[in-house]
Amino acid sequence: MRNLFLLFLAAFVAGAQTPGPRLEFEVASVKPAPPPSGNMIRVGMGGGPGTPDPARLNYEFVNLRMVLGEAYGVKSYQISGSALLDSERFNMTAKVPPGTTKEQFRVMLQNLLADRFGLTLHREKKDLQAYSLVVGKAGPKLKEAAPEDPASPEPEMKGPPQGRMAMGKDGFPQAAGRGRGMRMMMMPGRMKISASSMPMSQLAESLERQLDRAVVDNTGLTAKYDFELIFEPEQNGRMMGGMPMLAGRGGPPPGAEGAPAPPADAEAPANLFTAIQEQLGLKLEPKKIPVEVLVIDHVEKTPIEN
């Protein structure tokens, strides 16, 4: 009887450990992206759970670093590998099975990368260069946002205007309306972050994307703030997905052919570090922090045919 019980228990445990079906997209296409034509460059990562199009993945002119970040939930600076991660561009589409969760979606992306690019990787801890965002000696130069009224919510801040636009004295197109959130606008040699009701943690995240390094909020400021930050973009090769300028839907980007250029008398912006001190009263101090990194062991330049 005891042997029969042990046999039954072993069979039960084996059955409980049987893996489920492999998580995969129903239909997927991965192709090298054609080179951009003219002055328009459009990079996009849309679709999937939690988006307006949960049944379809649509990535346009993306590099592998961008897709890896989405697949494994890591930042760009947490990915270590060959130059292929940044240099090659792809268009990817896929049909997402109904009811897919965000976590399942990520596993599907991981499996797609392994299948099409022969991707293998491992994780390890590394001490990486980072920045600490602190308050400057003279104190912050930030306007605290008005308290939010749940009964009359403001609209979300809209993206940059499209088409021909009037230019402001700061060298950027004049955008109508504000709303809560963040707007980023880029012109040749200059960038502008317009924030409404933004916490310092969100500013730190925005700075991470510019610097391609971790930025830790150590300001101690707990309110939300309205501000504008104008600066010369950091030329690190990965900003904005590795492209110097993005074009929105519906028209050329400011500064491109068919769009107005900055006024000739517009003052040249300061670099990001100086702009943060002069305009926001904050400071970026270098430091090292331990970070878990994805180390890419192998990846193919050309994806396996669909």
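The values are calculated or read from the model by the stated rules, or taken from the named source; none is laboratory data. The structure displayed is predicted, hence computed values, not measured ones. Heads up, the Cβs are rebuilt from the backbone with ideal geometry, glycines too, and the neighbour counts pull from every protein chain shown.
Condition check: under 22 Å from M186 (Cβ atoms) and surrounded by fewer than 18 Cβ atoms within 10 Å (Cβ to Cβ). Does R56 satisfy that?
no
Conditions: (1) surrounded by 14 or more Cβ atoms within 10 Å (Cβ to Cβ); (2) among the aliphatic types (A, V, I, L, M); (3) within 23 Å of the chain's Cα centre (by Cα). V135 meets all but one. Number of the miss?
(3)
What is the one condition in (1) modelled with pLDDT under 55; (2) closer than 21 Å to S37 by Cα that A261 does not satisfy?
The number of the failed condition is (1).
Which one is nearest to G50 (Cα to Cα) among residues in the stretch 92-123 that are out of contact with any helix residue (DSSP H, G or I) (no Cβ under 8 Å at 6 or more places or on another chain) and polar (S, T, N, Q)?
Only one residue tops the list, namely T101.
So which residues in the stretch 69-107 are part of a strand (DSSP E or B) and aliphatic (A, V, I, L, M)?
Scanning the stretch 69-107 gives I79, M92, A94.
Residue-by-condition table, conditions (1) under 36 Å from the mean Cα position of the chain (by Cα); (2) in a loop (DSSP other than H, G, I, E, B); (3) at pLDDT 95 or above; (4) exposed (fewer than 12 other Cβ atoms within 10 Å of the Cβ):
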{"site": "L7", "(1), (2), (3), (4)": "no, no, no, yes"}
{"site": "V13", "(1), (2), (3), (4)": "no, no, no, yes"}
{"site": "F25", "(1), (2), (3), (4)": "yes, yes, yes, no"}
{"site": "S29", "(1), (2), (3), (4)": "yes, no, yes, no"}
{"site": "R42", "(1), (2), (3), (4)": "yes, yes, no, no"}
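Scan the stretch 46-60 and tell me whether some residue there is over 23 Å from K301 (Cα atoms) and either hydroxyl-bearing (S, T, Y) or modelled with pLDDT under 85 (or both).
Yes.
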